[in-house]
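See below for the structure under consideration.
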Amino acid sequence: MKKKLAVFASGTGSNFEFIAKEITKGTVDGEIEILVCDKPGAEVIEKAESLSIPVWTFDAKLYPSKQSYETEILLKLREIGVEWIILAGYMRLVGPTLLSAFENRIVNIHPSLLPAFPGKDAIGQALDAGVKLTGVTIHFVDAGMDTGKIIEQEAVRIESQDDRLTLQKRIQAIEHELFPKTIQALLTSIPREEINS
Ligand code: GAR
C-alpha cells in the first residue's frame, strides 16, 4: 500500500518536484497528500498546485508560538492520515509537537556532509571554509539543528573555479536522485509496527 507523505518546503521546491516525479513513475511507493509551506508566495506552491497536490500555507508570525502552528499542522496531517514527513528545504526547526507525533518518521535533506556546516547557507559555509569536499546528507530529524541520525550521504568535490551557483547545481543534481531513492528505501524497509514501537 502506498505510504502517505507530507512534504514541508519553504522555497523553490526542486526536491519536492523530483519526489513527485518519482512517485508518478512508480519508483517511490508513496503519495504526497499535502505540501506544507511556511512562505506564502514560495515557488514550491505553484509546483504543487500544477500537480493538484493540496497545499497548506502558514505564516509563523501570525501565531503566538511554534506549538500553536504545529498543533494546527498536526491536526491536518492526522485528518488525512499522513505517515511520514519529508522536509525538502523547510527552513525551520521542528518542535516537540510534531517530533513526538512522528518519532523517526521525519526526514530532512541538507546540502553538506553533516555534521559539517549545519544550518543556513551550508553551501556558502563550505565555500568560505575552503574545504575540498562537501555533499548531501539525508537524516532523521530531532530537536537539534541538522543533528539527527544520518541515513545517507554522498560527497561532492569542490573545484577551485566553483562559486555558489555551480556548486549548488552539482549538489542539487545529487539531491534530486538521492532523496527519492532514500525515501523509497525508508518506506519499504521499516515495518509500521517497528516505527511505532
Ligand atoms: C536543498 O538544497 C536542501 O538541501 C536545502 O534547501 C534546498 C531546497 O531546495 N535544505 C537546507 O538547507 C536545510 N537546512 P529546493 O527548494 O529546490 O528543493
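Taking the beta-carbon count within 10 Å as an exposure proxy, list Ser14, Ser189, Ser160 from fewest neighbours to most.
Values: Ser14 18, Ser189 8, Ser160 5.
Starting with the residue having the fewest Cβ neighbours, the order is Ser160, Ser189, Ser14.
Just want the ordering: Leu62, Leu5, from fewest to most Cβ atoms lying within 10 Å of their own Cβ. All intermediate terms of the calculation are to be shown ahead of the outcome.
On the way: Leu62 8, Leu5 24.
The fewest-first ordering by Cβ neighbours comes to Leu62, Leu5.
When the alpha carbon gyration tensor of the stretch 100-197 is reduced to an equivalent ellipsoid, the three semi-axes, largest first, read 28, 14, 9 Å.
The peptide list 169-176, 75-82, put in order of mean Cβ contacts within 10 Å with the highest first, becomes 169-176, 75-82. Loop-located trypsin sites (Lys or Arg not before Pro) in the stretch 1-59 (DSSP state other than H, G, I, E, B) with a sparse environment of at most 14 neighbouring Cβ atoms within 10 Å: Lys2.
Can you give the charge dipole size of the chain about its Cα centre, rounded to the nearest 20 debye, using +1 on the beta carbon of Lys and Arg and -1 on the beta carbon of Asp and Glu? Walk me through the intermediate numbers first.
Values: 22 positive and 28 negative charges, 8 e Å.
The dipole magnitude comes to about 40 debye.
Considering only beta bridges that DSSP places wholly inside the stretch 8-141, some 30 percent are antiparallel.
Working note: 222 nm ellipticity from helices only, DSSP H runs with n ≥ 4, each -39,500 (n - 2.57), summed and divided by the residues of the chain, gives -12000 deg cm²/dmol to the nearest 500. Computed on the stretch 74-164, with alpha-carbon pairs under 8 angstrom and 6+ residues apart, the relative contact order is 26 percent.
Measuring nothing but how far apart in sequence close Cα pairs (under 8 Å, 6+ apart) lie, relative to its length, the chain scores a relative contact order of 21 percent. At full extension, Arg164 and Lys4 could sit 54.1 nm farther apart than now, given 0.36 nm per residue minus the alpha carbon distance.
All of the numbers you see were taken from the coordinates with simple rules; none came from a lab. Quick caveat: nothing in here was measured; it's all calculated off a predicted structure. Because the Cβ atoms are built from the backbone with ideal geometry, glycine has one as well, and the counts that use them run over all protein chains shown.
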